[in-house]
Structure formats: structure tokens, C-alpha cells
Amino acid sequence: MTTYNDTSEQLLQHASKLGPSVFTISKEIFEEIPQFSFWTGASLPDQHHYGKHGLVYHTTEVIKIMTSTKQALNLEIPDDQIFLAGLFHDIGKVWDYKPTNPEFTEWTGTQHKRRIHHISRSALVWNKAVDKTGLFTDINDDITHAILAHYNYLKHTFTTYLQHFLSKFTHVPA
């Protein structure tokens, strides 16, 4: 049984409001990658959202920023797509770094980080979740490209509003 912190619970509650499919794939990610719930490093220690539960907190803030910006600009991007792109955009970081203490407050880069960037790993995790659950096959490419584009990784290949939107708003410091 997976134990969630308050921020993880809030994400799952938000997912449940978006429908059973969003909730199912969200719960899947917390169960498959339990360290996502308590991972410290959303960024480097001197940058945004670093600290206890930093990655899941960062993920929550990204989803909030994207949702409020979508509303302010009156964009027609489905809420479930914003949520899923935000949820998966940095999940690959749990492979890039390993904790150096039991409290998960300090960490160091792994060999994995030198082989495949967290953004690529995040896209792979998303695709694995889609394959495992059979959900969201119709928007799989949109979410994959949004994840890859979020750090200008696919600089000139935006094909949907979602991809462009995510690339502009996922790394705005709070």
C-alpha cells in the first residue's frame, strides 16, 4: 500500500474530479513510482521548489499555473490534458538523482542522468503508463510532445497549443 503526503493526496483528489481515467493513470504513477510522492528535488537546492516533497509540490504548482493561465487567456485546452502533462513533465527526475541521506533532503546525480535526460525519461514513463492502462491513447502523442517540449527540448516542433503552453509555463518559478 502506497502512503501519500498531503500534496500527493491533493493531486489525486484533483485527478478524481477530472474523471476515472485521469484518476486511474495518476494513481498508477504514485504506485509504480512511490518515491515521486516524497522526492525532495524538483530543482537544484538554490532554485524553485527544493525541499521536502519538492517534486510533487512543483508538479502541483505547475498544474495550478497552467490552469490559471489557461483560464486567464481563455485557451481551449482540455483540463485533463493540462493535468496529465503537468503530472508527468518531471517524473523522470527520480531516476536522475539518488538521495544521499535517509531524509531525502540531499541528493546527487546518477550515471543514468548522463545517459538520458529526465525529460526523455518522463516521456517514457508517460508512454509506459498509457501502454499499461490502455488509457489516453488518443492524446498520447500530444502529452508526449508536451513533456518533451517543456524545457524547449523540442524547440521548433510544437504541434498543439498544449505543447507550446506547457513549454512556456512549467518552469516559471513560484
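Points worth noting:
- Test result for residue 91, at pLDDT 85 or above and surrounded by 21 or more Cβ atoms within 10 Å (Cβ to Cβ): yes
- Counting only residues that are at pLDDT below 75 and either loosely packed, with under 15 Cβ neighbours inside 10 Å or touching a Phe, Trp or Tyr at 6+ places or on another chain (Cβ under 6 Å) (or both), segment 1-34 holds 5 of them.
- Residue that is surrounded by the fewest Cβ atoms within 10 Å (Cβ to Cβ) [pool: residues in segment 60-76 that are more than 17 Å from the chain's Cα centre (by Cα) and of a type outside the set (S, T, N, Q)]: 76
The values are calculated or read from the model by the stated rules, or taken from the named source; none is laboratory data. Treat the numbers as computed from the prediction; the structure is a model and nothing was measured. So basically every Cβ, Gly included, is an ideal-geometry build from the backbone, and we count neighbours across all protein chains shown.
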